[in-house]
Amino acid sequence: MIEQLARLGRTGLLALERLGRGHLLLLAILKGMTEIVRRPFLLIAQMFSVGVLSILIVGISGLFVGMVLGLQGYYVLSQFGAEESLGVMVAASLVRELGPVVTALLFAGRAGSALTAEIGLMKATEQLSGLEMMAVDPVKRILAPRFFAGFLSMPLLAALFSALGILGGYLVSVGLLGVDEGAFWSQMQHKIDLHEDIYNGVIKSLVFGVVCTWIALFQGYDAVPTSEGVSRATTRTVVHSAFAVLGLDFVLTALMFGD
Amino acid sequence: MAQNRKIVEVSVGAFMLIGLVALFFLAMQVSNLSSAPRGSGYEVTARFDNIGSLKVRAPVTMAGVVLGRVVAIDFDDETYEAVVTMRIQSKYDRIPEDTFAKIYTAGLLGEQYIGLDPGGSDTFLKDGGQITLTQSSIVLEEIIGQFLFNKAEGEKNGGKGEDK
């Protein structure tokens, strides 16, 4: 009985300890911003691997999600004779929800897992210790550029996702289903608000960018330095990112639109 | 290495450009930024007994054309009226002072907006002016209530033999 209670307590303490380490790491990364100002190419190189290489998957997913939204929305809206609102429906669901959320999930799978594996392997092969031996702070040199690359890439990727999704919805609804082109755009412009919808979507994607990159970096930095540990950390990155994104999305939506 | 670095820099630049273009597209083509210029125009107020579910940013129209938007809704706790502040685009500066403001509903269940019917006065509304002639929004529940009441009255007076 006592032994089980102790085990429970140990688990809780370990979880809290990890949480604390994660926040300390975030603080150290934020302090490491100075290194990026001195060596901007560190950031640019990471923007390439985190952002540019994610363009293809994000863009194609956005296009298809928008096309499916067009088809499915038409099925429901045509029952009410409100096909003209298809543009509003596609744009609002993409800009408010699907753009930031699906981009964050894709980002966690495509870029987050790669970050964790990279840093976990650096730790396993003692490259991070090597850097420390040479008096180079790995947090500043390795983690900070990756963090800010993720932070900057996410809103751009989410905007790309939403824009291509709206174009995909336009292609399907105007080209395939015969919705009036003028009504599609004018209803959309009438109902979608720059501040209410688009800015809030960008804020969401900024938050997701921070959270996904932070989780990925922490899992890599905190991984058990064995091949099994790195593989577990990579899995945890994707799972935790998905949980965090979906949970935070609910909280943010309640704060932004739930009045 | 130098060649490689150049490629990375160029592609990151292109990536940021694509992202910003996408944001710009969302702002200009998708949102109502293009149709609602902020800041320009003049403000007039109108007092209503009941504004129904009128919201801030609802359109203000005359002859069906959007002239401006509602920018603020306040409550006057002395007269118990709603004070609606509207911002009208400055190019429409010839709206008569005795214009009639009414709250309409777009469609049966659509959102509410303010419709202006021009008066015949030679003096025009200015910044800070007030529209005095107003009519409240039609509350659907009241009309249904009135309809049921009238029907009940009618049945009581001479509607014997009608089925219920």
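The values are calculated or read from the model by the stated rules, or taken from the named source; none is laboratory data. Because the structure is a prediction, the values reported are computed rather than measured. No Cβ is skipped: glycine too gets one built from the backbone with ideal geometry, and neighbour counts run over all protein chains shown. These area figures cover heavy atoms from the full protein model, side chains too; ligands, DNA and RNA do not enter into them. Shrake-Rupley method; radii C 1.70, N 1.55, O 1.52, S 1.80 Å.
With the radius of gyration and the Kirkwood radius both derived from the Cα set of the protein assembly as shown, what is their ratio Rg to Rh?
That ratio equals 1.13.
Pop out the carbon and sulfur fraction of the accessible area of chain B as a percent, whole number, probe 1.4 Å.
Of all accessible area on chain B, carbon and sulfur atoms account for 57 percent.
Between 0 and 90 degrees, rounded to the nearest ten: what's the tilt of helix A:113-124 against the longest Cα principal axis of chain A?
The angle comes out at about 10 degrees.
Could you give the Stokes-Einstein D for chain B in µm² per second, using the C-alpha Kirkwood radius, 20 °C, 1.002 mPa s?
Translational diffusion coefficient: 108 µm²/s.
List the trypsin sites (Lys or Arg not before Pro) in the range B:85-160 that DSSP assigns to loop (not H, G, I, E or B) and whose Cβ has at most 10 other Cβ atoms within 10 Å. Which are they?
B:LYS91, B:ARG94, B:LYS160
B plus A alone minus the pair: what accessible area, both sides summed, probe 1.4 Å, in Å² to 100?
Working: alone 11620 and 13670 Å², together 22820 Å².
The contact between A and B buries close to 2500 Å².
Taking a 24 Å limit on the Cα-Cα distance, which of the listed pairs A:LYS123/B:LYS6; B:LYS55/B:LYS151; B:LYS91/B:LYS126; B:LYS102/B:LYS126; A:LYS140/A:LYS204 fall beyond it?
Violating the 24 Å Cα-Cα cut-off are A:LYS123/B:LYS6; B:LYS55/B:LYS151; A:LYS140/A:LYS204.
Tally Lys/Arg at +1 and Asp/Glu at -1 over every other residue whose Cβ is under 9 Å from the Cβ of A:PRO100; what's the total?
Summing Lys and Arg as +1 and Asp and Glu as -1 gives 0.
Can you tell me the equivalent ellipsoid semi-axes for the range A:6-122? Use √(5λ) from the Cα gyration tensor, largest first, whole Å.
Computed over the range A:6-122, the values are 39, 23, 13 Å.
Give me the base-10 log of I(q)/I(0) for the range A:67-182 at each q in 0.16, 0.22 Å⁻¹, Debye formula, one uniform scatterer per Cα, rounded to two decimals.
Treating every Cα as an identical point scatterer, log10 I(q)/I(0) equals -0.77, -1.10.
Kindly identify residues of the range A:178-213 having a loss of at least 10 Å² in accessible area between the isolated chain and the assembly of all protein chains, probe radius 1.4 Å.
Residues losing area: A:TRP185, A:MET188, A:GLN189, A:HIS190, A:LYS191, A:ILE192, A:ASP193, A:LEU194, A:HIS195, A:ILE198, A:VAL202.
Using DSSP, restrict attention to beta bridges with both residues in the range B:37-144 and report what percent are antiparallel, rounded to the nearest 5.
Here the antiparallel bridges make up roughly 75 percent for the range B:37-144.
Would you give the gap between the C-alpha center of the range A:1-62 and the C-alpha center of the range A:204-259, rounded to a whole Å?
Here the answer is 8 Å between Cα centres.
Helix A:144-170 versus the longest principal axis of chain A: what angle, 0 to 90°, nearest 10, using Cα atoms?
20
Between A:ARG39 and A:ALA124, what length comes free when the chain is fully extended (0.36 nm per residue of separation minus the Cα-Cα distance, one decimal in nm)?
28.0 nm
Any residues in the range A:21-68 that have 20 Å² or more less accessible area with all protein chains than in their chain alone, probe 1.4 Å, and which are they?
A:PHE41, A:ILE44, A:MET47, A:PHE48, A:VAL52, A:ILE55
Provide the FRET efficiency to the nearest 0.05 for the A:PHE80-A:SER231 pair, computing r from the beta carbons and using R0 = 41 Å.
Result of the calculation: an efficiency of 0.25.
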